[in-house]
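K.L.:
Submitted below is the structure of interest, expressed as C-alpha cells.
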Amino acid sequence: MGDFNKIANLCKSRGFIFPGSEIYDGLANTWDYGPVGVELKNNIKRAWWKKFVQEAPASYGVDADIFMNSKVWDASGHTASFSDPKMDCKSCKTRHRADNLIEVHAKGSVNPDLMSNEEMEQYIAEHKVCCPKCGRCDWTNIRNFNLMFSTSRGVTEEGQNLIYLRPETAQGEFVNFLNVQRSMRAKVPFGIAQIGKAFRNEVTPGNFTFRTIEFEQMEHQWFCKAENSLEDYEVYKKKAWDFLLSIGFNSENLRYHDHDKLAHYAKAACDIQYKYPIGWQELNGIHHRGDWDLSRHQEYSGKSMLYLDPYTNEKYIPNVVEYSIGADRLTLAVLCEAYEEETLEGGDTRVVMHFHPAIAPYKVAVLPLQKNLSEKALEVYTKLSKYFMVTYDEAGSIGKRYRRQDEIGTPMCVTIDFDTLENNTVTIRDRDTMEQIRLSVDELVNYVNQKIAY
Ligand code: ATP
C-alpha cells in the first residue's frame, strides 16, 4: 500500500486523477478524473450496480435530479441540523472541526460524537488542544456550520428562491418511494438504488480525494417491515462487506465499526472502515433508519406514504435500511489496496497496481514487438476493442511498455511478434505473475472474458 503522496503522484502522471482547474492554480479539494481514472471509477460503479441492482431481483435503480424542492431538506432535517462544529484559530485564522481536534488528541480515549458543543469546548480548553497549523491555543467558541451549498433559482432578482445542491442522494430515493412501488408493482421488501453527485461544504476537506466538496455516492435504500428490519440490517452489513471482497479487497484491511451514538429513530448503525495510509477511516455506512424518512416526508408533503400489504391488507410505513458508499472514497481505497512497489528477482523494481481484472481500467494492452508489426497489432486491437477497453502502445522497449501497463494495472499484455504473422498466435503476459503463454488470436476474446469474470 502506498501513501497518499505517492498515489497522488502516480495518479497525476498516469492519467487517473488530476488536480481540478490546475492551469489556474487549482481550486482546493476539487479533482478531475483522467482517461485512466474515469475507466476505473466507471468500472467500480458498474460492479456496484451489478451487485445491488442487476443481481438483486427486488431492487430498482433511479436517477433523481440534484436540485430538489427545498421542503425536502426541511423534512430530512438537513436545513436545521446538517452541520459540523467548527472552531476558528484566532491566531492563524484557520478553520477546524472541534470533533476532529478531540479525536486526534484523545486517540480513542473519548468519543466526541457523544459530546455537546459545550463539553467539546471544555475538553479543548482543559486539555490545551492547540491549533495543528500554528501550535497556539486561541480558539473561537464552537459554531455550527451548515454543510449544504445553496444557490438561487428564478429569472428576476425579486422572484428568486433559495435552492440547495443535494448533500446526499438518499432523498431522491425516498421521495420516489411511491412512484417506484406503483410503477414497478413492487412489494415490500424492495430496494431503490442510485448513483449520483452530492455536494458538501466540508469544514476540513482534504487527504487527496478522501474528503471533497463534490463527490459521488452509491446508495441503496431497502424498504422493509419493521419486524424484519434488524435481520435485514445484518444482511446488508454482510452484502456491503462481500461486495468489497468481490472487487479485490483483502479482509485484513477492512473492519466494522458500530456507531456509539444513534439517531433517536435508529435501532442500529455501523460503518465499514478501510485501513487507508492515514489510518482506519469510514469507507461506507449501513444505517437502520426506522420509518423516520418516509414519516417525515408524509408529514411535510401531506401525501400518504402508507403501503398496503396485498397479502395481509395491513397498512404501514415501511422501515428503511440504508447502505451508502462514496464512489470516490471507494476508488481511492481501491487505488491504495492495489498499489505495490515490488522488488523483482535480480533487484529490479516495479510499481504495479493489482486491480481486480473486472475493475481494471484497461483489460488488455496490445503491443507489437516492432513497429513493422503494427498492422497486425492494430487488427488484433480492433477485434478486442469491440468487447473490452483495450490500449495500444508501440513506443519504447517491450520491457518499458510492460512497466507502463503495470502502473495502470492492465491485467493482460498481448504481444504481437513475427510468429503471429505465420500462425496467428500471440503471447499473453500476466500482470501479477509476469508469466507468458501463447494463444491463438481466435481464442483471445474467450480467454479475456474468463479472466475478467467475477
Ligand atoms: P464522514 O464521517 O467521513 O464525514 P459521513 O458519515 O458524513 O462521512 P455519510 O453521510 O454517511 O458520511 O455518507 C455516506 C458515504 O459518502 C460515506 O461513507 C463516504 O464514503 C461518502 N462521503 C461522505 N462525505 C464525503 C466527502 N466529503 N467526500 C467524499 N466522500 C464522502
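The values are calculated or read from the model by the stated rules, or taken from the named source; none is laboratory data. As the structure is a computational prediction, the values presented were derived from the model and not from experiment. Cβ: placed from backbone, ideal geometry, glycine included. Neighbour counts: every protein chain shown. Protein only, heavy atoms only, side chains kept; ligands, DNA and RNA dropped before computing areas. Shrake-Rupley method; radii C 1.70, N 1.55, O 1.52, S 1.80 Å.
K.L.:
Of the options C224, S183, L244, report the single residue whose Cα projects farthest towards the positive end of the charge dipole of the chain (beta-carbon charges: Lys, Arg +1; Asp, Glu -1).
P.N.:
Highest projection toward the positive end goes to S183.
K.L.:
Taking only the C-alpha atoms, wrap a convex hull around the chain and report its volume per residue in Å³ as a whole number.
P.N.:
Values: hull volume 91.5 nm³, N = 454.
It is 202 Å³ per residue.
K.L.:
Here's something else I'd like to know. Under a 5 Å amide H to amide H cut-off, with H placed in plane at 1.01 Å, what residues pair with I17 once short-range neighbours are removed?
P.N.:
Sorted by chain and number, the residues that satisfy this are K12, G34.
K.L.:
Per residue, how big is the convex hull of region 362-452 when only Cα atoms are used? Give it in Å³.
P.N.:
82
K.L.:
Report, to the nearest whole %, how much of the accessible area of the chain belongs to carbon and sulfur atoms, 1.4 Å probe, protein only. Please report the intermediate quantities before stating the final value.
P.N.:
Values: 10530 of 22090 Å².
Ligands and nucleic acids excluded, carbon and sulfur reach 48 percent.
K.L.:
To continue, here is another question. Express in whole angstrom the spacing between the alpha-carbon centres of region 158-208 and region 338-390.
P.N.:
38
K.L.:
Note down the magnitude of the dipole of the chain about its Cα centre, charges +1 on Lys and Arg C-beta and -1 on Asp and Glu C-beta and zero elsewhere, to the nearest 20 debye. Intermediate results must be reported in sequence, preceding the final value.
P.N.:
Details: 54 positive and 64 negative charges, 100 e Å.
Result for the chain is approximately 480 debye, rounded to the nearest 20.
K.L.:
Separate question: Need the full-extension length gain, T30 to Q122, defined as separation in residues times 0.36 nm minus the C-alpha distance. One decimal, nm.
P.N.:
Numbers: separation 92, 0.36 × 92 = 33.12 nm, distance 3.45 nm.
That pair, T30 and Q122, stretches by 29.7 nm at full extension.
K.L.:
May I ask for the distance between the Cα centers of region 54-109 and region 297-334, given as a whole number of Å?
P.N.:
Centre-to-centre distance over Cα atoms comes out at 19 Å.
K.L.:
Considering every pair of different Cα atoms, what Kirkwood radius, in Å, is found for region 83-143?
P.N.:
Working: mean 1/r = 0.0881 Å⁻¹.
In region 83-143 this quantity evaluates to 11.4 Å.
K.L.:
Can I ask one more? Please identify the helices of the chain, taking whole runs of DSSP H, that span at least 15 Å along their own axis as judged from the Cα atoms and have a mean Kyte-Doolittle score of 0.5 or higher.
P.N.:
Working: long enough: 35-49 (21 Å, -0.54); 229-246 (25 Å, -0.59); 327-338 (16 Å, 0.94); 374-385 (16 Å, -0.40).
Both cut-offs are met by 327-338.
K.L.:
Take peptides 295-305, 258-268 and line them up by average Cβ neighbours within 10 Å, highest first, as a rough protection proxy. Don't skip to the end; give the middle numbers.
P.N.:
Details: 295-305: 14.5, 258-268: 13.0.
Final packing ranking: 295-305, 258-268.
K.L.:
Give me the distance in nm between label points sitting 7 Å out from Cα along the Cα-to-Cβ direction at K239 and N144, one decimal.
P.N.:
About 3.3 nm separates the two model spin labels.
K.L.:
Continuing with this model, one more query. Using label points projected 7 Å from each Cα along Cα→Cβ, tell me how many nm separate F418 and S385, to one decimal.
P.N.:
Between F418 and S385, the simple spin-label model gives 2.8 nm.
K.L.:
Now for a different question. Binning every alpha carbon pair distance of region 243-352 at 10 Å from zero, what are the percents per bin?
P.N.:
In order of increasing distance, the bins hold 12, 28, 24, 18, 10, 4, 3, 0 percent.
K.L.:
Of K225/K363; K107/K239; K371/K451; K197/K386; K71/K93; K12/K237, which pairs sit farther than 32 Å apart, going by alpha carbon to alpha carbon? Please report the intermediate quantities before stating the final value.
P.N.:
Values: K225/K363 43 Å; K107/K239 30 Å; K371/K451 28 Å; K197/K386 30 Å; K71/K93 35 Å; K12/K237 34 Å.
The pairs that break the limit, which is 32 Å between Cα atoms, are K225/K363; K71/K93; K12/K237.
K.L.:
Which whole-number value in Å² is the accessible area per residue of the chain, probe 1.4 Å? Numbers along the way, then the final one.
P.N.:
On the way: 22090 Å² over 454 residues.
Accessible area per residue: 49 Å².
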